[in-house]
C-alpha cells in the first residue's frame with residue numbers, strides 16, 4: 001500500500017480522535033487546559049506523521065517503506081492510548097463528582113442542563129458586555145421531605161423531569177437554564193418586570209404540576225427569587241446574592257415568587273445585627289417579662305396574666321418581639337428563649353403568691369418547642385421539684401404551630417396535659433383548620449384572634465364568627481378568651497355573648513412585674529370597696 005494513502009488514512013483517524021477527545025474533555029471542569037493538551041498532541045502527531053511518511057520532504061532520510069509503516073503503527077497505537085486515557089479519566093472524574101454529591105449532599109444524579117457550573121461565567125460575561133438580562137433562581141422548598149418520603153434517587157428523577165418540562169415549554173423564551181441539586185437558575189434576556197413575572201408564574205405552574213412516578217404522585221413546592229440587572233450591579237456574586245435574598249424573603253413571607261428590592265439588603269443587615277445581639281441577650285440578662293391582665297367578663301376581677309417578653313436596649317429603645325422572635329425561630333434559638341421564659345414565670349409566680357396574688361399565667365409556645373422533649377423535661381423538673389404548680393400555667397400554642405406537624409403536636413400536648421398543664425389555642429380562627437384541630441386535639445381554652453374582635457360590629461361577619469366560636473367552645477367544654485379588646489362597647493358585647501375572659505387595652509396594657517403587682521393590688525382594693533358599698 002502506498003505510504004501516502006496510509007498517511008491520509010491515519011490523518012482521518014487522528015482527526016476523528018481529536019474531535020471526540022474535544023467532546024469528552026469538555027465534560028471536565030478544567031476543560032480549557034485539557035483542550036490545549038489535546039491540540040498540542042494532535043499537532044505533534046501530525047507533524048511526526050508527515051515528517052516520517054514522506055521520505056526526504058525536509059531531511060535526506062534513507063528510510064524504507066516497511067520502516068515507515070512500523071513508525072506509523074507505533075504512532076497510531078500511541079494516539080489510541082492517549083485517546084482512551086483521556087476518555088476514561090474524564091468519565092471517572094464525572095462519576096466521582098456525581099457520587100460525591102450523592103454521598104455528601106443526599107442529592108441524586110441530576111440532569112445538568114447546558115453546563116450547570118458555567119452560569120457564573122454566563123452572567124459575568126453579560127455584566128462585562130453590558131447586555132441586559134434577568135435572573136430567576138428556583139429552590140425546591142420541600143426537597144428534604146421528598147427525599148425522606150421516597151429517596152434521593154427518586155427526587156433526582158423528579159427534578160430532572162421538571163427540567164425537561166421547562167426546557168420543552170420555555171424553548172421560545174430566550175432563556176438559559178441551569179440545574180444543580182434542588183436549585184435551578186434561569187437567565188433571561190428580558191428586563192421587563194411584567195414579562196419576568198409572567199415567566200416566573202409560568203415556571204411555577206409547570207413545576208407545581210403533580211408528577212406521577214413509580215405509581216405515586218409527587219408535588220414539588222418551589223420558591224423563586226427574581227433579580228433584574230441594573231448598572232449598580234458590578235459583579236456576578238452581587239447578583240447571585242440578591243437573587244438568594246429574594247428567595248429567602250419569598251420563603252419568609254410565605255409567597256412563591258418575589259423580586260429583589262433594595263430595602264431587602266437593609267433588612268437582612270438588621271436581622272444579622274439582631275441575631276448577633278440575640279445570642280448574648282440571655283447570658284447578659286437583657287430580657288424582661290411584661291404581664292398583661294386577663295379578667296373575668298362578669299366582674300372584671302383578675303383571672304390571670306399573659307407573659308410577654310420584652311427586650312429593652314441600653315439607649316432606652318425596645319426591640320419589638322415581632323422582630324426578634326421570628327429571627328430566633330429561623331435560627332433555632334427560640335427554644336432557649338422559651339426555657340428562659342418558663343424559668344422566669346416560675347420565679348414570678350412564687351413572688352405573685354408572696355404578694356397575695358394567685359393568677360394563672362399564660363406562656364406562648366413555639367412550634368419548635370413541640371418537636372422535642374426539652375420543654376417537657378424542663379416543665380417536668382420544675383413540677384417534681386415543687387417549683388411550679390401545673391394548674392398555675394396555661395400553655396398557648398398557635399394554630400400554625402400545631403399544623404406544622406399535628407402528630408408530633410398531639411403527642412407533646414398529651415404529655416403536657418397529663419402533667420397537669422392547661423392548653424390554649426392562640427389566635428383561633430386565623431387558620432384553615434381550626435375546626436379539625438378541635439376534633440383531633442384536646443384543649444382547655446380558646447383565644448379568639450384580635451383581628452376578629454377589632455372588626456366586630458353588630459351584623460358584621462366577624463361578629464357571627466365570634467358568636468359561633470364562643471358557642472362551639474362552650475359546647476366542647478372549653479372556656480374562651482377574647483384578646484385585643486380596646487373599647488368598653490366591645491367588652492359589653494362580648495360579655496353578652498358569653499365570653500368568659502377579656503384581655504386588651506380596655507383593661508390594661510402590658511406592664512413590668514412591679515407595675516402589674518401594684519395595679520393588681522389596687523384592683524383588689526377597689527373590688528373590696530365596691531363589695532362593701
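Every read-out reported here was derived from the displayed coordinates using simple, explicitly stated rules and does not represent laboratory data. Predicted model only: the values in this text are computed from it and were never measured. Quick reminder, even Gly has a Cβ in these numbers, built from the backbone with ideal geometry, and neighbours come from all protein chains shown.
The tail of the calculated P(r) for region 116-260, taken as Cα-Cα distances beyond 25 Å, holds 26 percent of the pairs. With a Förster radius of 30 Å applied to the C-beta separation of residue 410 and residue 167, the computed FRET efficiency comes to 0.10.
Could you work out the Kirkwood radius for region 292-363, taking every pair of different alpha carbons, averaging 1/r and inverting it, reported in Å?
Values: mean 1/r = 0.0709 Å⁻¹.
Evaluated on region 292-363, it is 14.1 Å.
The label point for residue 372 and the one for residue 194, both projected 7 Å from the Cα toward the Cβ, are 5.1 nm apart.
A crude spin-label estimate for the pair residue 387 and residue 314, with each label 7 Å from Cα along the Cβ direction, gives 3.0 nm. For region 270-526, the equivalent ellipsoid derived from the alpha-carbon gyration tensor has semi-axes of 27, 23, 20 Å in decreasing order.
Rounded to the nearest 0.05, what FRET efficiency is calculated for residue 323 and residue 251 with R0 set to 22 Å and r the Cβ-Cβ distance? If you can, show how the numbers build up before the last one.
Working: r = 18 Å, r/R0 = 0.80.
About 0.80, to the nearest 0.05.
For a quick protection proxy, order the peptides 272-285, 327-340 by their average other-Cβ count within 10 Å, most packed first. Kindly include the intermediate steps, with their values, before the conclusion.
Details: 272-285: 12.9, 327-340: 17.1.
The peptides rank, most packed first, as 327-340, 272-285.
In terms of packing, defined here as the mean over residues of other Cβ atoms within 10 angstrom, the peptides 378-386, 362-370 line up highest first as 362-370, 378-386.
Modelled label positions at residue 474 and residue 212, each set 7 Å beyond Cα in the direction of Cβ, lie 5.2 nm from each other.
Subtracting the Cα-Cα distance from 0.36 nm times the residue separation, let me have the gained length for residue 460 to residue 145 in nm, one decimal.
Length gained, residue 460 through residue 145: 109.2 nm.
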